[in-house]
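To start, the structure itself, in structure tokens.
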Amino acid sequence: MNIVNISNMQKIAQPRHSRGFTLIELLVVLVILTLLAGLVGPQVLNQLSGAKSKTAKIQINEIEQSLDLFKLDVGRYPNDAEGLRALVEKPATAQGWTAPYLKKGLPTDPWGAAYLYKNPGRHGGPDVFSLGADGKPGGDGENADVYN
């Protein structure tokens, strides 16, 4: 009889093994994940879209520095006809042009379009700019024109 009692006690003392998650538990986790994605997702997308505008400003700054080097060597900024191409290929009328001022060539903006150049620009000096995601003048957000 003692043997039976001991075996019964062992059965009672053994922990019950978990068989997995219940359907309710899984649904609660899915609801929580959906709520997090709904709240965090738009914020992440806003940060990513703003990154393209920031990248464009950095590239424009580098191009403007190259334009300043061009001016130091040649004595003037490239005219509209020469454009930004004058930074990588010697214009026929550029005496004193020493080397490509952009070693890796002309970059494109983060949306894949060429940067635009206007001399004289809005404030008398040359302007380098991008028309943004839509490729049209003006706009808001990522569609806005990007100047340095």
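The values are calculated or read from the model by the stated rules, or taken from the named source; none is laboratory data. It should be emphasised that the depicted structure is a prediction, and the values quoted were computed from it without experimental measurement. Neighbour counts run over all protein chains shown; Cβ positions are idealised from the backbone, glycine included. Accessible surface areas use protein heavy atoms only, side chains included; no ligands, DNA or RNA. Shrake-Rupley method; radii C 1.70, N 1.55, O 1.52, S 1.80 Å.
Observations
Listed here are the residues, each with its yes/no results for (1) surrounded by 14 or more Cβ atoms within 10 Å (Cβ to Cβ); (2) more than 29 Å from the chain's Cα centre (by Cα); (3) outside any loop (DSSP other than H, G, I, E, B); (4) of a type in the set (Gly, Ala, Ser).
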position	(1), (2), (3), (4)
67	yes, no, yes, no
70	yes, no, yes, no
77	yes, yes, no, no
92	no, yes, no, yes
103	no, no, no, no
106	yes, no, no, no
112	no, no, no, yes
129	yes, no, yes, no
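- Residues of region 104-148 that turn out to be closer than 16 Å to residue 58 by Cα and basic (Lys, Arg), as a count: 1
- Region 65-121: number of residues that are charged (D, E, K, R) and farther than 25 Å from residue 54 by Cβ: 8
- Selection from region 131-148 of residues that are out of contact with any Asp or Glu (no Cβ under 8 Å at 6 or more places or on another chain) and exposed (fewer than 14 other Cβ atoms within 10 Å of the Cβ): 135, 136, 140, 141
- Subset of region 114-124 [within 17 Å of residue 68 (Cβ to Cβ) and open to solvent by 60 Å² or more (accessible area, probe 1.4 Å)]: 118, 120, 123
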